[in-house]
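The values are calculated or read from the model by the stated rules, or taken from the named source; none is laboratory data. Since the structure is predicted, the reported quantities are computational estimates derived from the model, not experimental observations. Here Cβ is always computed from backbone atoms with ideal geometry, including for glycine, and neighbour counts include all displayed protein chains. SASA here: full protein model, heavy atoms, side chains in, ligands and nucleic acids out. Shrake-Rupley method; radii C 1.70, N 1.55, O 1.52, S 1.80 Å.
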Amino acid sequence: MWSTFFVADEEGRTMGPGTAGTAGGGAAGGPAQGAGGLASLMSGRSTFGGNKRRRTTSTGHAMSEAQEGKIKLAFFVAIVGVVLTVLGVGTEFWVELAPPKSFYNNQTCLTAHYGLWKGCTKTLWVADIDPERESCGPAELPGESNCTYFKFFTTGENAVMFQKTTQKNLNVAAAMLAMFSLFLMVMGAICITMSLSKEILFFLKPASVCFILSGVLVLLSLMVFHQSVLAFLASDHTVPLHHELSWSVSCIGCAGAVLIVGGVLFLLLALPYSPWQKCLPHKDSGS
């Protein structure tokens with residue numbers, strides 16, 4: 001006759017022999033399985049935790065910290081070009097126009113300066129001007145100033161200063177080139193931001209194209225503006241004028257050069273190999 005034994009667990013529930021064996025087997029195998037799970041967890045933690053891995057790029061290569069530092073340095077160079085461009089485009093000291101000091105009277109004289117968006121006329125005291133200077137100016141001297149925005153972009157009217165007429169087509173072309181260059185700078189900055197956040201080197205190529213084109217357009221805008229100044233001076237010869245390019249043009253010229261340099265740096269960083277190692281390979285100590 002078979003005897004059946006019932007075992008009571010700690011909570012008072014009766015358990016059969018099979019159930020008790022199962023519970024015992026689970027209890028016996030629990031530490032082993034727990035140790036195996038802990039070992040697998042530790043092995044997985046060594047991959048995903050602790051030492052942080054660099055995310056791999058779309059080409060299968062990880063962006064190292066050295067590459068990230070070089071990208072940030074090149075981005076700083078490009079940002080300097082962007083700041084200089086904004087400073088030059090937003091100011092009206094592109095060109096200064098000045099008649100002779102004795103053209104009006106012996107006490108005051110009139111000078112003017114303008115940029116892409118507005119022009120200013122300024123009345124200066126002759127006593128404040130350098131005695132060795134023949135023309136009125138410079139425009140930084142204290143005096144009564146009057147600035148107005150050009151009507152190129154609203155009614156299409158030309159501006160008249162010192163009986164000379166501006167060429168609205170050239171002025172509008174210079175302004176549009178400058179604005180399009182700013183748009184390309186924004187696109188390039190977005191590409192670099194995505195490259196650093198996602199750690200994808202592919203975005204360096206469109207960023208380099210954007211910054212190089214923006215630098216070229218900035219310099220082209222400067223050339224078109226200079227042609228507009230020459231056309232303005234040739235429109236009438238009644239009033240003799242002395243003209244000189246001012247500090248806003250210096251900002252624009254430096255900005256164009258810096259943007260091109262920044263774009264070239266991004267292009268070099270996007271190459272799959274180092275151009276220095278390609279041109280100047282390291283020689284082995286044995287050779």
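Based on what the data block shows, is F150 surrounded by 19 or more Cβ atoms within 10 Å (Cβ to Cβ), at pLDDT 85 or above and within 25 Å of V218 (Cα to Cα)? It is true that F150 is surrounded by 19 or more Cβ atoms within 10 Å (Cβ to Cβ), at pLDDT 85 or above and within 25 Å of V218 (Cα to Cα). When residues in the stretch 104-133 are screened for being in contact with a Ser or Thr (Cβ under 9 Å, 6 or more places away or on another chain) and either closer than 26 Å to Q227 by Cα or of a type in the set (V, I, T) (or both), 16 of them pass. The residues of the stretch 216-241 that are under 36 Å from the mean Cα position of the chain (by Cα), closer than 17 Å to A112 by Cα and open to solvent by 60 Å² or more (accessible area, probe 1.4 Å), listed by number, are H226, L230. List pairs: first in the stretch 196-210 and aromatic (F, W, Y), second open to solvent by 40 Å² or more (accessible area, probe 1.4 Å) and assigned to a helix (DSSP H, G or I), Cβ under 6 Å, 6+ apart or cross-chain? Pairs that qualify, where the first residue is aromatic (F, W, Y) and the partner is open to solvent by 40 Å² or more (accessible area, probe 1.4 Å) and assigned to a helix (DSSP H, G or I), are F203/M194.
Taking the stretch 55-163 as the region of interest, the strands (runs of 3 or more DSSP E) fully inside it that hold 1 or more residues being among the acidic types (D, E) and touching a His at 6+ places or on another chain (Cβ under 9 Å) are 95-98.
Look through the stretch 241-255, keep the residues that are touching a strand residue (DSSP E or B) at 6+ places or on another chain (Cβ under 7 Å) and hydrophobic (A, V, I, L, M, F, W, C), and return whichever of them is modelled with the highest pLDDT. Out of the qualifying residues, it is L245. Looking at the stretch 125-139 only, could you name the residues that are under 17 Å from V95 (Cβ atoms), of a type outside the set (S, T, N, Q) and surrounded by 19 or more Cβ atoms within 10 Å (Cβ to Cβ)? Passing the criteria: C136, G137, A139.
A residue that is open to solvent by 30 Å² or more (accessible area, probe 1.4 Å) and under 37 Å from the mean Cα position of the chain (by Cα) occurs somewhere in the stretch 92-113. Please verify whether the stretch 160-183 includes one or more residues that are over 24 Å from C120 (Cα atoms), open to solvent by less than 70 Å² (accessible area, probe 1.4 Å) and aliphatic (A, V, I, L, M). Checked against the condition, which is being over 24 Å from C120 (Cα atoms), open to solvent by less than 70 Å² (accessible area, probe 1.4 Å) and aliphatic (A, V, I, L, M), the stretch 160-183 yields at least one hit.
Among the numbered conditions (1) under 23 Å from P100 (Cβ atoms); (2) modelled with pLDDT of 85 or more, the only one that L182 does not meet is (1).
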